[in-house]
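Comments concern the structure below.
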Amino acid sequence: MKSDARRAVSAFGLILGIACLGRAEEPKKPEFQSLGELNAHYEKEAGKLEAARIESLARLAATVKGDEAEAAYRSLFDLAVALGRYPAAEASARAYLERDGGEPESYALAASIDLLARAGRGEYDQCQADLEAFLKRRASTDDKAHLLPAPLVTAVSEAYLQTLIKAGRYENARKVCELALATRPDPAVKAYFEDRLGLFSMLGKPAPEIQGTDLDGKPVRLSDLKGKVVLIDFWATWCPPCVSAFPALQALAKHHKGDGFVILGVNLDHQAQAADGAAEKVEPTVRRFLLDHRAGWPNLTGRGADDAAKAYSVEQIPASFLVARDGTIVDVDLQGEALDKAVARAVGKPASK
């Protein structure tokens, strides 16, 4: 009995010792003095985990074979694109592009990662060469096994186009459109990039007149706004990117109130309706949307909006044009921080923080 008791005491002591050791080795939890400090800390830690996961996926993709490798590459590319960590997946993307076969979607993702990583370093000439090689190999080939579907070709080129637009590299953007038109005769691709070229061709030219009525029947004319910086925004309530841009537009209008900056909305909700009187049918929806989003700027609807879309060759939305005080178009299709900076330059005031 004594022996059993000693063993029990000994076991208890061992367990207690392990428990104490575990507590002693626990990392000290950080103490925070503010919510901002706490969020910054955990965002940094999350960034480290994301980087480690991308690195591990890259090693796995390079090690395994067959379907497992394909799955690892796709997970890597999806994660890198979602997080905007293009350089971290760049080497893997190029390795994938050099492979024979592969899934079309993964190939398109790899091409986008390669282009966006290079563009982030300002290597625009190399980007052009890489895009040309991509289009020749996967967009204009007669080998159906390597031919990518038109939507994927468009997606890769458009992802790079958006980066160029954000950087104000409009001449490079024109070259991308011309290259896509020259290497892919597909009607859908041709129509898409012809529209994009039309958009860029308006830069530096006088903004075409816009006139019509707003939701309250009041006359609206672009020429009445001469001497001000005007952001012309083509949008619709059924367009998710248009809707998501409204908080930023509201903040922009508030920040530059009194700076001679105005937003002129051109609503195209009615174009989703084929019947006569479509504009009147959608007006309640548009009115409610503008009230809910506290959009205090004028918005054209109906015939005036249709005429404006034709004058500006708008075939896809969202579409926007920044008009300088002298009435010339200085930027197109900018969003987020790039738009904020462009408006600040045009009005001659600091951008919002």
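Only Cα pairs within less than 10 Å get springs; with that Gaussian network setup on the chain, which residue of F77, F234, F289 has the largest fluctuation? The residue with the greatest mean-square fluctuation here is F289.
Computed from Cα atoms, the angle from the helix 170-183 axis to the main principal axis of the chain rounds to 90 degrees.
Net charge in the neighbourhood of L290 (other residues with Cβ under 13 Å of its Cβ; Lys, Arg +1, Asp, Glu -1) is -3.
Amide H to amide H distances under 5 Å link V266 with D233, F234, W235, L300, where only residues 5 or more positions off or on other chains count and H is placed in the peptide plane. Placing +1 on the Cβ of every Lys and Arg and -1 on the Cβ of every Asp and Glu, with nothing else charged, gives the range 211-347 a dipole about its Cα centre of roughly 420 debye. Averaging the Cα positions of each part gives two centres, and for the range 40-104 and the range 316-344 these lie 34 Å apart.
Counting only lysines at least 8 places from K136 when in the same chain, those with an alpha carbon closer than 24 Å to its own are K144, K175, K190.
Let me check I've understood the local charge: for A188, count other residues with C-beta under 15 angstrom from its C-beta, Lys and Arg +1, Asp and Glu -1. What total comes out?
Working: positive: R184, K190, R196; negative: E158, D186, E194, D195, E315.
Once all neighbours under 15 Å are counted, the net charge is -2.
Within the listed set L339, L38, L147, the Gaussian network model of the chain (springs between alpha-carbon atoms below 10 Å) gives the highest mean-square fluctuation for L38. Grab the other residues whose beta carbon is less than 14 angstrom from that of K310, score K and R as +1, D and E as -1, and report the net. Surrounding charge for K310 is -4.
Rounded to a whole number, what is D in µm²/s for the range 163-254 from Stokes-Einstein with the Kirkwood radius over alpha-carbon pairs (4 °C, 1.567 mPa s)? Let's see the in-between values first.
Working: Rh = 16.2 Å.
In µm²/s, the coefficient is 80.
Here the alpha carbons of the chain define both size measures, Rg and Dmax, at 27.5, 103 Å. Put simply, the convex hull of the Cα atoms in the range 211-347 casts, on average, a shadow of 7.5 nm². Largest GNM mean-square fluctuation among K310, K190, K175, using the chain with Cα springs under 10 Å: K310.
Under the rule of -39500 (n - 2.57) per DSSP H run of 4 or more residues, summed and divided by the residues of the chain, what mean residue ellipticity at 222 nm is obtained, to the nearest 500 deg cm²/dmol? Could the numbers behind the result be given before it?
Details: 13 runs with 213 residues, N = 353.
Rounded to the nearest 500, it is -20000 deg cm²/dmol.
In this structure, the amide hydrogen of A167, modeled 1.01 Å from its nitrogen in the peptide plane, lies closer than 5 angstrom to no residue at least 5 positions away or on a different chain. When only Cα pairs below 8 angstrom with a gap of at least 6 residues are kept, the chain shows a relative contact order of 13 percent. Each of H293, H270 has some number of other Cβ atoms within 10 Å of its Cβ, and from fewest to most they run H293, H270.
Counting other beta carbons within 10 Å of each residue's own, what order do S201, S106 fall into, fewest first? Don't jump to the answer; show the numbers that get you there.
On the way: S201 13, S106 21.
Ascending Cβ contact count within 10 Å gives the list S201, S106.
By the count of other C-beta atoms within 10 Å, a proxy for reagent exposure, V286, V243 are ordered fewest to most as V243, V286.
Bear in mind that the values in this text are calculations on the coordinates, not laboratory data. Note that the coordinates shown come from a computational prediction; the quantities given were computed from them, not determined experimentally. Because the Cβ atoms are built from the backbone with ideal geometry, glycine has one as well, and the counts that use them run over all protein chains shown.
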